[in-house]
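The values are calculated or read from the model by the stated rules, or taken from the named source; none is laboratory data. Here the structure is a predicted model, which is why all the values come from computation and not from measurement. Note that each Cβ is placed from the backbone with ideal geometry, even for glycine, and that neighbours are counted across all protein chains shown. Quick note on the areas: whole protein, heavy atoms, side chains included, nothing else; ligands and nucleic acids left out. Shrake-Rupley method; radii C 1.70, N 1.55, O 1.52, S 1.80 Å.
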There are 4 protein chains.
Amino acid sequence: MEEQSAILAAKNAVLMQSTALPDDIPHIKGYDFNQGVDHRALLQSFLTTGFQASSVGQAIQEINKMIEKRLEPVEEQEACDPSDSSPSHSGCTIFLGYTSNLISSGVRESIRYLAQHRMVDVIVTTAGGVEEDFIKCLAPTYLGEFSLSGKELRQKGINRIGNLLVPNDNYCKFEDWLMPILDKMVQEQKDEGTHWTPSKMIHRLGKEINNPESVYYWAYKNDIPVFSPALTDGSIGDMIYFHSHKNPGLILDIVEDIRRMDSKAVFAKRTGMIILGGGLVKHHIANANLMRNGADYAVFVNTGQEFDGSDSGARPDEAVSWGKIRMDAKPVKVYADASIIFPLLVAETFAFHADKLIPEKTQNFSN
Amino acid sequence: MEEQSAILAAKNAVLMQSTALPDDIPHIKGYDFNQGVDHRALLQSFLTTGFQASSVGQAIQEINKMIEKRLEPVEEQEACDPSDSSPSHSGCTIFLGYTSNLISSGVRESIRYLAQHRMVDVIVTTAGGVEEDFIKCLAPTYLGEFSLSGKELRQKGINRIGNLLVPNDNYCKFEDWLMPILDKMVQEQKDEGTHWTPSKMIHRLGKEINNPESVYYWAYKNDIPVFSPALTDGSIGDMIYFHSHKNPGLILDIVEDIRRMDSKAVFAKRTGMIILGGGLVKHHIANANLMRNGADYAVFVNTGQEFDGSDSGARPDEAVSWGKIRMDAKPVKVYADASIIFPLLVAETFAFHADKLIPEKTQNFSN
Amino acid sequence: MEEQSAILAAKNAVLMQSTALPDDIPHIKGYDFNQGVDHRALLQSFLTTGFQASSVGQAIQEINKMIEKRLEPVEEQEACDPSDSSPSHSGCTIFLGYTSNLISSGVRESIRYLAQHRMVDVIVTTAGGVEEDFIKCLAPTYLGEFSLSGKELRQKGINRIGNLLVPNDNYCKFEDWLMPILDKMVQEQKDEGTHWTPSKMIHRLGKEINNPESVYYWAYKNDIPVFSPALTDGSIGDMIYFHSHKNPGLILDIVEDIRRMDSKAVFAKRTGMIILGGGLVKHHIANANLMRNGADYAVFVNTGQEFDGSDSGARPDEAVSWGKIRMDAKPVKVYADASIIFPLLVAETFAFHADKLIPEKTQNFSN
Amino acid sequence: MEEQSAILAAKNAVLMQSTALPDDIPHIKGYDFNQGVDHRALLQSFLTTGFQASSVGQAIQEINKMIEKRLEPVEEQEACDPSDSSPSHSGCTIFLGYTSNLISSGVRESIRYLAQHRMVDVIVTTAGGVEEDFIKCLAPTYLGEFSLSGKELRQKGINRIGNLLVPNDNYCKFEDWLMPILDKMVQEQKDEGTHWTPSKMIHRLGKEINNPESVYYWAYKNDIPVFSPALTDGSIGDMIYFHSHKNPGLILDIVEDIRRMDSKAVFAKRTGMIILGGGLVKHHIANANLMRNGADYAVFVNTGQEFDGSDSGARPDEAVSWGKIRMDAKPVKVYADASIIFPLLVAETFAFHADKLIPEKTQNFSN
């Protein structure tokens, strides 16, 4: 190739002209601090900031759409779920899922707020996501560091969860609290034929804890079902194991719960999914929504990546291929730690619309 | 500060002298291809290559330690687990955990090899990790791309798992296969009082599939318990849901399984954990090993990160703080996709020692 | 092992007692939305929320320490850097580094605010981090999606940066603007013996753009040096390549710039590093701070991980081993996309202290 | 909605029928260890294993295409690059880029093999990627752990790079070696008017080290240009800083190097990019390939993610939008640590084809 023509070809490649973009595409523009610090305006500017800031902005919009639909009146004959004594008469049934670590963290307070004011309809979490809430009612969790030595911590009986510390004594207190309840559950199973399932056990524990700091106290009060099919996978399971050697016979059935969970999706008018983290909680909610040919709205917040083919890291578009999210939905994934993102989302959505979402009589309620 | 003294201080900082390192610290040295391509030598050079290559080298060593201990003779009175009819008379009980996507991928063949030759003692997986194995006996999974459009795929009834494609017809075939089995299970529960648990159901399905390509066929044949407490969280759950409307009453109890799972750890002489991926499978195995004050050996392969406080991404040292791994253990985490890593690990460990691990009479066995 | 003693050992492992933690360790507690949405209080609650929320809280504290020290009066004879005509008489010299994509995003407006009010002393960025700022003065960048087809975009001449879109025409406009300046630079080199370096070229371009929306206009106005040793690695390099065929001879020397850069660290009283992203910008600032035996304060915001041994993903503690951060410093790394984090950090630090940081006469300034 | 119709709708969603996939789509199938351990067959099975294993398989294919084209005879008048005294008469010009840490690791030996046998045509790396190669000729790098305390290491003068350890004495030895060379470079600049650029300096250092273990010794011997525009960003820069106070005047010009770099792409018949890691090395190679309207072949190996809009994490498809990769190319990204992947890739590509790639007379060469 001759030199001049090579340079010309290079210029043509580099300086290729572009087709005009549509007029309505947003310009990228961040917050201007010269106008002072207006946090709400700052968070609104995220939409045009790009990258994950834009995803946060889109997640706020998506959750606000769920809330808008939720507030639409539903006629009585719609959405009747025969398997549930407390049908959700809502224009949008909101499924909230989160992993255990978020209950260990201060995100718990945001979740409790949602349960307290019945802003969500179905909760899915892991065993740790259940028990850590109760344990926090018995003793505190502390701030530590990610780099603390596991060996030194074990010698002191201090358990580490990321940069959180939970003294092992907390689990001893949990044992003291739980064992008599397990006795009663076995007794009721024998005496009254109670058919225990994970969701029923969580409901019962929420009643027993009787503490307004607890997420599951409010789930109990507000009849929000909490599904956790692998409820034995944690401290609750440890206690059940020990308890079973003294007082065997307890049965926890997961079949009745899958019926109840799926029905929540099948009989909903519309559904929205808000899922923090991956693993079981993400799959369980999405799978239930397949039963209705897909959720209408979806927000995922997690740090997983798609490259390893895990469901945890899959983009929402993978769920579209399965029919777990509707083909015409605009699902949003925020790639970030939920400890930062979820409080910001709640601030701009549920809490922002609190006056519409909270029934008048309880509006001034505060624990 | 005067200029010259500032420069001198800079030099002192930059050219600080070092204390000698101990003589036995390995030098970093990679494979020299001038010696030709010797794959085994190449994989052995990983140990001194640094970064995750070294982690792969260390994981090979750690699994080989499990195998070495496993091959040690165990006296009969040791390790008697009264709750299990088939006690593992092994010097090291190996727990293998993996997420659903790995069964969807070709890692399934590596896992099946381990089950086929009873090289592992306890398996933990998710619902998808169970059903996808059976579904693959009914119809194939295909190679696709991560970027295929979810909407277009749904319109064609093709489900995407990362860069894999599973036609939805496969699930229809699964329904045809599973429904009569569910009928039988309900019948046996009524007639014989069978107390179904997830592990018993998987055992039964392994028998029913009767196909040597199946992981769970071999788990059934070799009496390897497979735990999956949230067995309803997937296609099996969908089928149970539909089935329950025609033929209700099936109970799947997770209490008996947690007893059995924990006992596997409690009554083991030593334990090793090999965990591919995060979520339930990682926590469940580690939690059981807490019941014995920690596993002796551990290899984690996953892409999770610790910064969000998730159990999935936690370094093994976090499990040490909980007593889930022994304080004097040398656990290894490989930060990489198991689809690359696990076949390499099996090649240099279980398959390398196949002649010692596989009883003579079955050594020439091949499906 | 006998069964009862095995169960007892399990109990002892699970219910091990713990040593008391010190009294002053913070309890984990998130924001309570029952008190209404108070964004500042919400962001303050991050410190005790755990995981990366706590890291954000710690990063706010760390930057506020830089600001506090910066505001301390410095005696004239201190910190005299003989190689610099505009010595920074500040109690804490703040180095700000960021990758190109952040200038493409709306984070640019936060960075421009800092340059405009001389809140930072030294800037390090990549070639793209320079040119995209100027290009945005010529034509806008748009919001798109991560999943848009590269082929279709190329056919339209639209370049994608994550979920941002930049029409290729913008680069044609950049060429029109830059070429005459390159002519002048070559002329001045010949006529006046100007010894061009990347930082001098950026200074000149900042003057030429003469636009208060530009980061580098303000860096020019406020004499903030901007280092970008690989300034040819981007569109500027493309233009220099084309220009050199018409008007050869331009020299860009990186030796004089490394002298200037290192001197900024060597002669500083204290230093703080705020580094968004990885690669060159992270290493360059940290390496300069080695020349003073380590920065006093450091905040890293990036999504890199340490497991692959990259400098980008290294924890700050790795920099401590090199003497790039002081041994007694409390450096903070936030694992998250800076597009979310940096505006929040600026809101709670520089912008919060604007009245102290901005000289009185310019306080009401706004572009 | 009535119950039965709701259940029916659920069934229709779950059991939707699928369109047939084309016949030629590969089935997912992993390696069967029952056939023994055949590493080459195992690596070939990666292509149908799914997830990143498939990406490794595709990367092997892509590099083998580069090699195939490279071996095609090129007519003399083609590909004449007037700015280069040693034109690459190759059917495919291969650009190899890698970050500093890979030279610190044992991947260096794989890279040296490629340079030694002139299997690649252009190298791009960072300052550390240059100097660590020379330093390793002076003293070894050691295997450590990611979790070693930065403070304790600094007190001992031991620098950490991920899980590698480099005694600071190594840098003192580097100073002893480099300072006289810098003297000579300044002298030659004065006496002979040598116009130094980073690539010329690296060429000279490769000559001076005169050690067959060095990558850059072989790059010097084989006239492979090595570009590193920010060559001052590392220990070389530290030494230049100190040296400049004793013997000022050295100029390192980056303009001549960008001309030379871009010409390598502009005048190539075809190009292939193999890029390990992100940051400057990734962008620099891709940007040069824009000048020829895109590379024909591309393999990226890194752990970066696209969600933060960084060039490091961008999928190859983003480069297609810019014209940096051809629209009809089939670029491959492997999401994994190159310390594992690159030796495997070399084994199945360059080393596998060594007999064709290495001229006969040097085939038995080994250092």
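Which Cα, out of C:Leu357, C:Ser199, C:Leu250, lies furthest along the positive dipole direction of chain C (beta carbon charges, K/R +1, D/E -1)?
Checking the options against the dipole of chain C, the answer is C:Leu250.
So for chain D: antiparallel DSSP bridges make up what percent, rounded to the nearest 5?
Close to 20 percent.
Could you order the peptides C:194-203, B:349-358 from most to least packed, using the average number of other C-beta atoms within 10 Å per residue?
My ranking of the peptides, most packed first, is C:194-203, B:349-358.
Can you bin region D:233-325 into rounded, prolate or oblate? Criterion: square roots of the alpha carbon gyration tensor eigenvalues sorted a ≥ b ≥ c, rounded for a/c under 1.5, prolate for a/b above b/c, oblate for the rest.
Here region D:233-325 falls in the oblate category.
From the square roots a ≥ b ≥ c of the eigenvalues of the alpha-carbon gyration tensor of region C:175-223, which class results: rounded (a/c under 1.5), prolate (a/b over b/c), or oblate?
Note, shape of region C:175-223 comes out oblate.
Can you give the net charge of the other residues whose Cβ lies under 10 Å from the Cβ of A:Ile251, counting K and R as +1 and D and E as -1?
Result for the neighbourhood of A:Ile251: -3.
Given a 1.4 Å probe and no ligands, DNA or RNA in the count, how much accessible surface is buried by D and C, both sides, to the nearest 100 Å²? Working shown, then result.
Numbers: alone 19100 and 19100 Å², together 32400 Å².
Accessible area lost upon association: around 5800 Å².
Mean residue ellipticity at 222 nm from the helices of chain A, using -39,500 (n - 2.57) per DSSP H segment of n ≥ 4 over the full residue count, to the nearest 500 deg cm²/dmol?
Value at 222 nm, helices only, nearest 500: -14000 deg cm²/dmol.
Taking each residue in A:287-294, count the Cβ atoms of any other chain within 10 Å of its Cβ, then average. What number comes out?
6
How do C:Met16, C:Met273 rank by accessible surface area computed with a 1.4 Å probe, from largest to smallest?
Result of the area sort, largest leading: C:Met16, C:Met273.
Among the listed pairs C:Lys200/D:Lys246; C:Lys65/C:Lys282; A:Lys69/A:Lys207, give every one whose C-alpha distance is greater than 26 Å. Provide the component values of the computation, followed by the final result.
Details: C:Lys200/D:Lys246 24 Å; C:Lys65/C:Lys282 20 Å; A:Lys69/A:Lys207 30 Å.
Flagged as over cut-off: A:Lys69/A:Lys207.
Relative to the Cα centre, what is the charge dipole magnitude of the protein assembly as shown, using +1 at the beta carbon of each Lys and Arg, -1 at the beta carbon of each Asp and Glu, and rounding to the nearest 20 debye? Intermediate values should be presented prior to the final figure.
Working: 144 positive and 192 negative charges, 1 e Å.
The calculated dipole for the protein assembly as shown is roughly 0 debye.
Quick check for you: which residues of region A:52-70 have the amide N under 15 Å from the point 7 Å beyond the Cα of A:Lys330 toward its beta carbon?
From region A:52-70, the list is A:54-69.
Quick check: net charge around D:His39, other residues with Cβ under 11 Å of its Cβ, Lys/Arg +1 and Asp/Glu -1?
-2
Take the Cα coordinates of the protein assembly as shown, assign each an equal point scatterer, and use the Debye formula without solvent to give log10 I(q)/I(0) at q = 0.05, 0.08 Å⁻¹.
For the requested q values the scattering log ratios are -0.37, -0.99.
I need the inter-copy label distances for C:Asp355: point set 7 Å along Cα to C-beta, values in nm with one decimal, smallest first.
Label-point separations across copies, in nm and ascending: 2.9, 8.2, 8.3.
Hey, got the dipole for chain D? About the Cα centre, +1 on K and R Cβ, -1 on D and E Cβ, debye to the nearest 20?
340
Where both partners of a DSSP beta bridge lie in the protein assembly as shown, what percent of those bridges are antiparallel, to the nearest 5?
On the way: 30 of 118 bridges.
Looking only at bridges with both residues in the protein assembly as shown, the antiparallel portion is about 25 percent.
Shape of chain A from its Cα gyration tensor (a ≥ b ≥ c, root eigenvalues): rounded if a/c is under 1.5, otherwise prolate when a/b > b/c, or oblate?
prolate
Which residue is it, in chain D, whose C-beta lies closest to the D-to-A rotation axis, and what is that distance in whole Å?
D:Gln305, 3
Could you work out how far apart the two model spin labels at D:Ile25 and A:Ala139 are, taking each label as a point 7 Å from the Cα in the direction of the beta carbon, and quote it in nm?
Each label point lies 7 Å from its Cα, and together they span 5.4 nm.
What does the net charge come to around D:Arg108 if you take all other residues with beta carbon closer than 14 Å to its beta carbon, with K and R at +1 and D and E at -1?
Taking every other residue near D:Arg108 into account, the sum is -3.
What does the charge dipole of region C:208-263 about its Cα centre add up to, to the nearest 20 debye, if the Cβ of each Lys and Arg holds +1 and the Cβ of each Asp and Glu holds -1?
100
Given labels modelled 7 Å from the Cα in the Cβ direction, how far is it in nm from A:Asp183 to B:His245?
Taking the simple label geometry, A:Asp183 and B:His245 are separated by 4.4 nm.
From largest accessible area down, sort D:Asp233, A:Asp24; use a 1.4 Å probe on the protein chains. Intermediate values should be presented prior to the final figure.
Values: D:Asp233 15, A:Asp24 125 Å².
From most accessible down to least: A:Asp24, D:Asp233.
Measure off, as a whole percent, the carbon and sulfur share of the 1.4 Å-probe accessible area of the protein assembly as shown, all protein chains present. It would help to have the intermediate numbers written out before the result.
Values: 22310 of 46810 Å².
Solvent-exposed carbon and sulfur of the protein assembly as shown make up 48 percent of the total.
From other protein chains only, count the Cβ atoms within 10 Å of every residue's Cβ in C:54-67, then give the mean.
Neighbouring Cβ atoms belonging to other protein chains average 2 per residue here.
Filter the cross-link list C:Lys29/C:Lys330; A:Lys151/C:Lys333; B:Lys29/B:Lys330; B:Lys269/B:Lys324 down to pairs whose alpha-carbon distance in this structure exceeds 20 Å.
C:Lys29/C:Lys330; A:Lys151/C:Lys333; B:Lys29/B:Lys330
Can you list, shortest first in nanometers, how far B:Lys246 lies from the same residue in the other copies, with each label 7 Å from Cα toward Cβ?
Label-point distances to the other copies, shortest first: 4.6, 7.8, 8.9 nm.
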